[in-house]
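Structure, as structure tokens:
Nothing in this text is a laboratory measurement; each read-out follows from the coordinates by a stated rule. Since this is a predicted model, take the numbers as computed values, not measurements. Cβ coordinates were reconstructed from backbone atoms using ideal geometry, including for glycine residues, and neighbour counts include every protein chain displayed.
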Amino acid sequence: MQRLASSAKLSRAQVAASALAQMGDGPAHDALMAAAASERPDVARAALSALNENDGDDVRDLMAKQLASKDPQAVGVAASYFGSHHDEAAVPTLREVALHGGSEATQAIVALAGVGGEGARTALTEVASRAGTSQGAALQQLASLPGAQPEARALSLRLLHQGGQAAASAVEVLASDTSPEGRDALMRLVREGGGLADSAVAALGRRGDPDSIRAVTDLAHSDKINVRLQALSALGSTNEPHAATALLDAARDSDIRVRRTALQGLATMGGPDAERAIMAAAGAGGEPGARRVAVNSLGRIGTPDANRQLETLAKDEDTGIARTAFYALARSSPEGAARIATQTMASDDSAAKLTAIQLSGQLDQDSMRRVLLAGVKDSDPNVLNASAQALAQIGGPEAQSALGDILTAPDSPDASRRSAAEALESMGGDATQRYAAEIAKYKDAPSEDDQGGDPNADDGFDGDARE
């Protein structure tokens, strides 16, 4: 309760401070300055945040004092102020905050990058050169400054041997570096193995220069499976002809892990050759795991040919493939998925209809309702029951009317009436009141289980439909 009360106070303070900031006149400014000196931390922080966009010597003096505060949040707000105002005079103090460490150090580092200039660049280089929790963040901010790439590169090459977060940040910096030294350093990491090898492969792929892409292409043929998989994954993010050739070769590899990764990369890359390879892998007769990856990839490609194959695959004998194809089709071609579901509901395959009902939630509301309304008219009680339960969840006049017709029709089987009664009761509202007498009749009547029915009887979802 105390936490809730505190949260409510904070919200009120923020709303009041924001309103004063929007007013922007002298009295509102004075009120915010006074609130920033409040003994209530929530009020002071809200006022500081509201003053963050303001100019003036009084605001700057206030923020300078907050940089020396013992409140990390106040220090963070003040650091942000000086960063957004590009105030070079604050660089020495921001440097001290960044070197001190703690939760506010990262905000001071970001502020230094926002200030820019030679002083901020020197400060960031110093912070990035010292071991500590802020080192990696300082290195990445240094690399973002115009003209600071040589320092960032030199530091990164040195920090690769240090390990930890600083080394991981160095790999990220070298991913944006264009020098041969950076590429060679990343290649050394890959050859040496260890925890940074995978990140180094991905970094080489992101560099995008021809020499780096050729290096990653070579790694795609490595005898080290982890390196190979990472290289194939990195190649998928490029549009280089060499990368496409390597991925197409890997899509026919004997190792299922290699094939799956190559198919995912081809889907990301796209293009006619990639599409043909994926469509071939999705066809009948392949390894189920690779087929599922290929089917998902077809959904990501989303071309007319890919969608047509997905419609065919949505009727595959392998129910896992059929389900995957339906989900992929629902994303890439909702109208195609709705068409397949509608066709299924007109078939004599009860198992397929149960699956269509279960997957109808992936469709738009109108298509879903059409599938379920067809289901409540089905002669199979399991299909009817599943449809009735789903209709009860989405509700609406059409659902009420369809279920009411089943409940009151003289030729409806008792099992169908029971399903309709249970669905109408769970819907609530007007439907429950309108059919109260009929619902009560079938609610109180003994079920087949009460009369000794098989407690293990099929509930309407076969094993495949529950995957």
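Structure data summary
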item: Separation in nanometres of the label points that stand 7 Å from Cα toward Cβ, at THR178 and ASP305; result: 3.6
item: Charge dipole (the chain, unit charges on Cβ, about Cα centre) - positive-most of ALA175, GLN230, ALA374; result: ALA175
item: Loop-located trypsin sites (Lys or Arg not before Pro) in the stretch 252-302, at most 12 other Cβ atoms within 10 Å (DSSP); result: ARG252
item: Residue-averaged [θ]222 nm for the chain, counting only DSSP H segments that reach four residues, each worth -39500 (n - 2.57); result: -22500 deg cm²/dmol
item: Dipole magnitude of the chain about its Cα centre (Cβ charges: Lys, Arg +1; Asp, Glu -1), debye to nearest 20; result: 1140
item: Under the Karplus curve 6.51 cos²θ - 1.76 cosθ + 1.60, θ = phi - 60°, whole-Hz ³J(HN,Hα) for the stretch 366-371, x wherever Gly or Pro sits; result: 5, 5, 4, 5, 5, 4
item: ALA168/ARG40 FRET efficiency (R0 56 Å; Cβ-Cβ; nearest 0.05); result: 0.85
item: Sequence of VAL127, VAL15 once ranked by neighbouring C-beta atoms within 10 Å, starting from the fewest; result: VAL15, VAL127
item: The stretch 22-32 - phi-based ³J(HN,Hα) in whole Hz, Karplus 6.51/-1.76/1.60, Gly and Pro as x; result: 5, 5, x, 8, x, x, 5, 4, 4, 5, 5
item: Size of electric dipole in the stretch 232-369: Cβ of Lys, Arg +1 and of Asp, Glu -1, about Cα centre, debye, nearest 20; result: 220
item: Inter-label distance for HIS161 and ASP209, nm, one decimal - labels placed 7 Å from Cα along Cα-to-Cβ; result: 2.3
item: Among GLY320, ALA346, ALA392 the positive-end extreme of the charge dipole of the chain (Cβ point charges); result: GLY320
item: Contour minus Cα-Cα distance for ASP364 and HIS242 (0.36 nm per residue); result: 39.8 nm
item: Unit charges on C-beta of K, R, D, E only; dipole of the stretch 178-250, Debye; result: 120
item: Per-pair calculated FRET efficiency, R0 = 56 Å: ASP349 and ALA154 via Cβ, rounded to 0.05; result: 0.25
item: Extension reserve of the ASP255-THR133 stretch, reckoned as 0.36 nm per residue once the Cα distance is removed; result: 39.8 nm
item: Residue exposure sequence - ILE406, ILE340 - by fewest surrounding Cβ within 10 Å; result: ILE406, ILE340
item: Pairwise FRET efficiency - GLU335 versus ASP380, Cβ, R0 = 35 Å, nearest 0.05; result: 0.85
item: Calculated from backbone phi, Karplus (6.51, -1.76, 1.60) coupling profile of the stretch 290-304 in Hz, x at Gly/Pro; result: 5, 4, 5, 4, 5, 5, 4, 5, 4, x, 6, 5, x, 7, x
item: Within the stretch 71-178, GluC sites (Glu not before Pro) in DSSP loop having at most 15 other beta-carbon neighbours inside 10 Å; result: none
item: Approximate spin-label separation ASN52-SER103, in nm, with each point projected 7 Å along Cα-to-Cβ; result: 1.5
item: Length added when fully stretched, HIS221-SER412, from 0.36 nm per residue minus Cα-Cα; result: 62.2 nm
